[in-house]
Amino acid sequence: MRLRPRHYALCAVIIAIFVVNIVRNHHRQTVTSSPPGPVVTGPRVITPLWSAFDAAAALRDAPDAQFLPALHNLQQLLDTTHDATTSAVDGCHTWLLFYRQAVLHPSKDTAWKDRSAHHLDSCVKYHLDTSL
C-alpha cells in the first residue's frame, strides 16, 4: 500500500493530538500537586477562638445536632473577637464550611472535600490559615 499526502497529514494530526494530551496531562499533575506545608517558626497559638475552632473541626463529620452548636459558638466568638488571630481563624472557618458542604451534599468529585480536609488538618495542626 502506498501512502498518499492525505495519509501523512492524518498521521501528523494523530501524533499532534497525542503530544497535546501528554503535555496537558503533565501540566494538570504539576498544578494539582499539593503545596508544601507551612513553615511554623514559633509555638502554636492557643486562644479561646482557636479552641472553639478546634472543637468545631473535631465535629466536622458529626450530625448536625452535634456540629451546629460548636459552629454557633465559633461564629459568636468570631463576631465578638477582634485580635491578630481573627483573620486566620475566619479563613479556617471558611474551609470548615466548604468541608461541611461536601459532607452534606456528597458527589463523585471529591476534590473540594479532599482539599478542605487537607486545609482543615493544617489549620488544626498549626493554628494558621495556610491560604493567606
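No lab work stands behind these numbers, since they all come straight from the coordinates. Given the structure is predicted, the values throughout are model-derived calculations rather than measurements. Using ideal geometry, Cβ is built from the backbone for each residue, glycine included, and neighbour counts are taken over all protein chains shown.
Summary table below
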item	result
Among 115-127, 57-69, the order from most to least packed when residues are scored by Cβ within 10 Å on average	115-127, 57-69
Residue-span extension gain [Phe18 to Leu3] - 0.36 nm each, minus C-alpha spacing	3.3 nm
Centre separation in Å (Cα based) which lies between segment 68-129 and segment 1-31	44 Å
Crossing angle, helix 111-126 versus the chain [Cα axis fit, 0-90 degrees, rounded to tens]	40 degrees
Sites Val103 and Thr47, calculated FRET efficiency, Cβ-Cβ separation with R0 41 Å, nearest 0.05	0.95
Residue-averaged 222 nm ellipticity for the chain, from DSSP H runs of 4+ at -39500 (n - 2.57), nearest 500	-23500 deg cm²/dmol
Between 0 and 90°, nearest 10: helix 5-32 axis offset from the chain longest Cα axis	10 degrees
Orphan Cys of the chain, criterion: no other Cys C-beta under 4.7 Å	Cys11
Rough spin-label spacing in nm, given labels placed 7 Å along Cα→Cβ, for Gln76 and Asp90	2.0 nm
Crossing angle, helix 86-104 versus the chain [Cα axis fit, 0-90 degrees, rounded to tens]	60 degrees
